[in-house]
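What follows is a set of notes on a single structure, which appears directly below.
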Amino acid sequence: MLSKINLNLLRSLHVLLEECHVSKAAIRLHVTQSAVSRQLSQLRDLFGDPLLIREGNQLVPTSKAIEIKAKLDSLFEEFDHLLDEQAFEPNEWKGEMVFSSSDYVAQYIFPGLVAQASKLAPKASFKYVMWERDFLSDLSKSDIHLASTMLPEKPEGLSSILLGEDKSVVVMGKHHPLALKDELSVEDILGFPHILISGGGDKNSHIDSALSRLNKTRNIGLTIPFFSAAFDTLTVCDYLLVVPEHVAKNVSETVDITYRTFPLEIVSHKYWLIWHPKYDRDPAHRWMREQATRAIQTSMYSIAYDL
């Protein structure tokens with residue numbers, strides 16, 4: 001039935017039943033009196049009822065019209081508030097936010113982010129998903145709301161914030177023979193096996209590209225998906241690990257490691273907070289990405305650069 005009804009007619013009927021006067025209804029509807037009269041005729045046919053009966057200079061609603069008006073009052077009240085945008089109140093928000101990144105972020109940044117966000121939004125829930133490279137092309141289908149990852153350029157087709165950038169450094173345990181040197185050579189870093197962190201985004205292709213221009217390659221002695229396990233391994237083995245500087249400095253505060261500048265000129269890592277554009281105007285999402293941006297940039301810059 002609804003598919004056969006012109007909703008503009010229902011608006012006209014609502015105004016007619018409020019005014020009980022064709023000319024007054026026409027003024028409110030910004031149409032001519034004759035247009036309102038034609039609409040009333042269509043409405044009478046639609047409902048099989050006269051709806052408004054002339055009594056002198058007045059139009060009197062029928063019992064059916066009174067019944068319809070009660071329903072239209074409720075319907076149009078809902079319509080009138082359909083586009084209302086209520087101010088977002090974090091303390092009342094009961095939604096879930098799904099965040100994705102590497103285990104480094106999970107261990108060193110996410111706990112602080114959740115601690116702060118949960119204070120402001122105690123009824124919300126938070127979920128963490130380990131980031132995988134192929135997630136980038138599937139964000140529209142996944143339940144991930146926010147992700148942070150390293151990418152060389154702004155991702156096409158996605159919304160993003162550039163969080164910052166830095167360069168890679170060579171990390172080792174403090175017991176490592178190279179820890180005694182202030183500067184490393186290419187021969188130094190190729191003289192020991194390396195750990196490759198396989199989880200998350202691409203962290204090493206630019207390093208290996210720089211070495212390949214010298215016709216050199218690293219010896220990968222251990223491939224492991226987790227930052228935490230890689231750093232723990234450095235404390236007991238003479239391996240080397242190449243990671244972003246802010247990561248190395250952060251971890252060196254609590255783990256027995258040290259790091260040196262990478263001995264070749266390499267491009268910077270760029271860190272992005274990314275999300276699907278369908279969330280651009282979502283107030284809860286907007287609030288959460290502000291919290292995430294602040295938490296990640298604070299970790300990067302206050303720790304890595306002592307700002």
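A search for C-beta distances below 7 Å between a residue of the stretch 246-269 that is within 20 Å of Thr233 (Cα to Cα) and any residue that is among the aromatic types (Phe, Trp, Tyr), counting only pairs 6+ apart in sequence or on different chains, returns Val247/Tyr104; Ala248/Tyr259; Asn250/Tyr108; Val251/Phe231; Ser252/Tyr259; Val255/Phe231; Ile257/Phe231. Residues that are among the aromatic types (Phe, Trp, Tyr) and modelled with pLDDT of 95 or more do not occur anywhere in the stretch 262-272.
Cβ-Cβ contacts under 8 Å between residues 6 or more apart (or on different chains), taken from a first residue in the stretch 69-82 that is open to solvent by less than 90 Å² (accessible area, probe 1.4 Å) to a second residue that is among the acidic types (Asp, Glu) and at pLDDT 75 or above, are listed as Lys69/Glu18.
When the helices (runs of 4 or more DSSP H) confined to the stretch 1-120 are screened for residues that are within 30 Å of Ile224 (Cβ to Cβ) and touching a Gly at 6+ places or on another chain (Cβ under 9 Å), those reaching at least 1 such residues are found at 103-108. Collect the residues in the stretch 45-64 that are within 24 Å of Glu78 (Cα to Cα) and open to solvent by 60 Å² or more (accessible area, probe 1.4 Å), keeping them in residue-number order. If the condition is that a residue be within 24 Å of Glu78 (Cα to Cα) and open to solvent by 60 Å² or more (accessible area, probe 1.4 Å), then Ser63, Lys64 are the ones that fit.
When residues of the stretch 274-290 are filtered for being out of contact with any strand residue (DSSP E or B) (no Cβ under 9 Å at 6 or more places or on another chain), crowded, with 16+ Cβ neighbours inside 10 Å and not hydrophobic (A, V, I, L, M, F, W, C), how many remain? Counting residues in the stretch 274-290 that are out of contact with any strand residue (DSSP E or B) (no Cβ under 9 Å at 6 or more places or on another chain), crowded, with 16+ Cβ neighbours inside 10 Å and not hydrophobic (A, V, I, L, M, F, W, C) gives 0. Right, Leu196: open to solvent by 20 Å² or more (accessible area, probe 1.4 Å) and either free of Cβ contacts under 8 Å to residues at least 40 places away in the same chain or farther than 20 Å from Phe99 by Cβ (or both) or not? Criteria met by Leu196.
Restricting attention to the stretch 215-273, the residues that are open to solvent by 60 Å² or more (accessible area, probe 1.4 Å), farther than 18 Å from Lys181 by Cα and over 33 Å from the mean Cα position of the chain (by Cα) total 7.
Under the condition of being out of contact with any helix residue (DSSP H, G or I) (no Cβ under 6 Å at 6 or more places or on another chain) and open to solvent by 40 Å² or more (accessible area, probe 1.4 Å), the residues counted in the stretch 118-160 number 22. For the stretch 285-301, a residue qualifies if it is of a type in the set (A, V, I, L, M, F, W, C) and either farther than 17 Å from Tyr128 by Cα or not in a helix (DSSP H, G or I) (or both), and the qualifying residues are Trp287, Met300.
Conditions (1) more than 21 Å from Glu78 (Cβ to Cβ); (2) in contact (Cβ under 8 Å) with a residue 60 or more places away in the chain; (3) within 49 Å of the chain's Cα centre (by Cα); (4) open to solvent by 80 Å² or more (accessible area, probe 1.4 Å), marked per residue:
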position: Arg11; (1), (2), (3), (4): no, yes, yes, yes
position: Leu17; (1), (2), (3), (4): no, no, yes, no
position: Cys20; (1), (2), (3), (4): yes, no, no, no
position: Lys24; (1), (2), (3), (4): yes, no, no, yes
position: Leu29; (1), (2), (3), (4): no, no, yes, no
position: Leu43; (1), (2), (3), (4): no, no, yes, no
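The C-beta contact set for the stretch 152-170 (first residue among the basic types (Lys, Arg), second residue assigned to a loop (DSSP other than H, G, I, E, B) and open to solvent by less than 70 Å² (accessible area, probe 1.4 Å), distance under 9 angstrom, 6+ apart or interchain) comprises Lys167/Phe262; Lys167/Ile266; Lys167/Ser268. Checked against (1) out of contact with any Cys (no Cβ under 8 Å at 6 or more places or on another chain); (2) over 21 Å from Tyr128 (Cα atoms), Ile197 passes all but condition (2). Among the residues of the stretch 161-183, the one identified as part of a strand (DSSP E or B), of a type in the set (Asp, Glu) and open to solvent by 10 Å² or more (accessible area, probe 1.4 Å) is Glu165.
The values are calculated or read from the model by the stated rules, or taken from the named source; none is laboratory data. Bear in mind that the values here come from a model prediction, so they are computed numbers and not experimental data. Cβ: placed from backbone, ideal geometry, glycine included. Neighbour counts: every protein chain shown. These area figures cover heavy atoms from the full protein model, side chains too; ligands, DNA and RNA do not enter into them. Shrake-Rupley method; radii C 1.70, N 1.55, O 1.52, S 1.80 Å.
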